[in-house]
1. Kindly express, to the nearest 10 degrees and within the range 0 to 90, the angle between helix 7-19's C-alpha long axis and the longest C-alpha principal axis of the chain.
2. I need the phi-derived Karplus couplings for the stretch 82-90: 6.51 cos²θ - 1.76 cosθ + 1.60, θ = phi - 60°, integer Hz, Gly and Pro marked x.
3. For helix 105-118, what angle does its Cα long axis make with the longest principal axis of the chain, in degrees from 0 to 90 and rounded to 10?
4. What lysines sit close enough to Lys257 to cross-link, taking a C-alpha to C-alpha distance under 17 Å and skipping anything fewer than 8 places away on the same chain?
5. When the helices in the chain are scored as -39500 (n - 2.57) per DSSP H run of 4 or longer and the sum is shared across all residues, what 222 nm value do you end up with, to the nearest 500 deg cm²/dmol?
6. What's the angle, to the nearest 10 degrees (0 to 90), between helix 212-224's Cα axis and the longest principal axis of the chain?
7. Using amide H atoms built in the peptide plane, which far-off residues or other-chain residues are under 5 Å from Gly126 H to H?
8. When only C-alpha pairs under 8 Å and at least 6 residues apart count, what is the relative contact order of the chain, in percent?
Amino acid sequence: MKSHATEAEIQAVVRMVEDLDYNAHIIRGVERTVVACVGDERGEKHQLTHLESVAGVERVMPVVRSFKLASREVRPEGSRIKVGNAEIGGPRITVIAGPCAVESEAQIEAAADAVKAAGAHALRGGAFKPRTSPYSFQGMEEEGLVLLERAGRRVGLPVVTEIMDPHDIDLVAEHSDMLQVGARNAQNFSLLRRLGRIKKPVLLKRGMSMKLEEFMMAAEYILSEGNPNVVLCERGIRTFETATRNTLDLNAVPLLKAWTHLPVIVDPSHGTGIYSLVAPMALAAIAAGADGLLIEVHPTPESALSDGPQQLKPSRFADLMKALKPLAEAVGRTL
Ligand code: PEP
Ligand code: MN
């Protein structure tokens, strides 16, 4: 739409688009509004181009990429996603930190104090854990959600936690500010679709053998159902290398930033699996242009019920936050 298009003109265009059997998604940018038209392109209809003569319309252009709504073309300035009192995708680097899993009230409260004191912007902690083995700790479930919410509220941080089952969406959304889709569920399309029907932001992790194109299409599933609040997370992929838990693919950061307006954050904890590699790879991620980080921090990693070897103890996390500050400034961001 033209930059001065009125709301009535935008709504009129939406109705015309829907009359042509396309779905219309209104994407409101700082400069201008885009009406994204998604539909079946087969057949003889190229009628959308006729809309160019309608009041308020500046230009009708095809989005070449298969991920229509996530494509940077529709929002060149990038999306900023609000997560409670934090924001991902703006000039500030957003750090989400906390334990792999909520294990007890004392543990999550200690983690909340530690990450808040070090300057994190959001608290994480899994209540539903997707474990490779059915015999491993599966999480505290609803009780864990309540403990996480309480800890976050006490220290003034929004909370991020994983959603595994579509049936739990209302419950998890009630207790959290952002829902994380884990690597093992990144192509669980029924889960993604259901998350598209809520308004809470979604942190979508890359599946461990997912190509970036497939990652984008997974995000598109959420966007196409009407939830625009999606943040992508590179967390490492499976390669022939076994010295690290995964291979953190930092190529993904500048590539995704070019392809999509969605913010991109990096999880060097799962990306490496080794605590001593977390800080260097966190710094590398910010240097590569990431909008934020997901870092596992545990008050006592040696006694963690999951992912102990990769979790930072509070003093190491505080050191990382100190090291990040000048780096963020060097790449034109703040922390
Ligand atoms: C996690 O964040 O604790 C987690 C399970 O991550 P991923 O899905 O990336 O393995
Ligand atoms: Mn973990």
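The values are calculated or read from the model by the stated rules, or taken from the named source; none is laboratory data. Note that the coordinates shown come from a computational prediction; the quantities given were computed from them, not determined experimentally. Cβ sites come from the backbone with ideal geometry, for glycine too, and all protein chains shown count toward neighbours. To get the accessible areas, we keep the full protein, side chains included, count just its heavy atoms, and leave off ligands, DNA and RNA. Shrake-Rupley method; radii C 1.70, N 1.55, O 1.52, S 1.80 Å.
1. The helix 7-19 is inclined about 80 degrees to the chain.
2. Going residue by residue, I get 7, 10, x, 8, 10, 9, 10, x, x Hz, with x marking Gly and Pro.
3. Taking Cα atoms only, the helix is inclined about 70 degrees.
4. Here the lysines satisfying the reach criterion relative to Lys257 are Lys68, Lys205, Lys211.
5. Numbers: 10 runs with 112 residues, N = 335.
When only DSSP H runs of four or more count, the value is -10000 deg cm²/dmol.
6. It is inclined by approximately 70 degrees.
7. For Gly126, whose amide H was placed from the backbone, the distant partners under 5 Å are Ala101, Val102.
8. Working: 702 pairs, mean separation 55.1, N = 335.
Relative contact order here is 16 percent.
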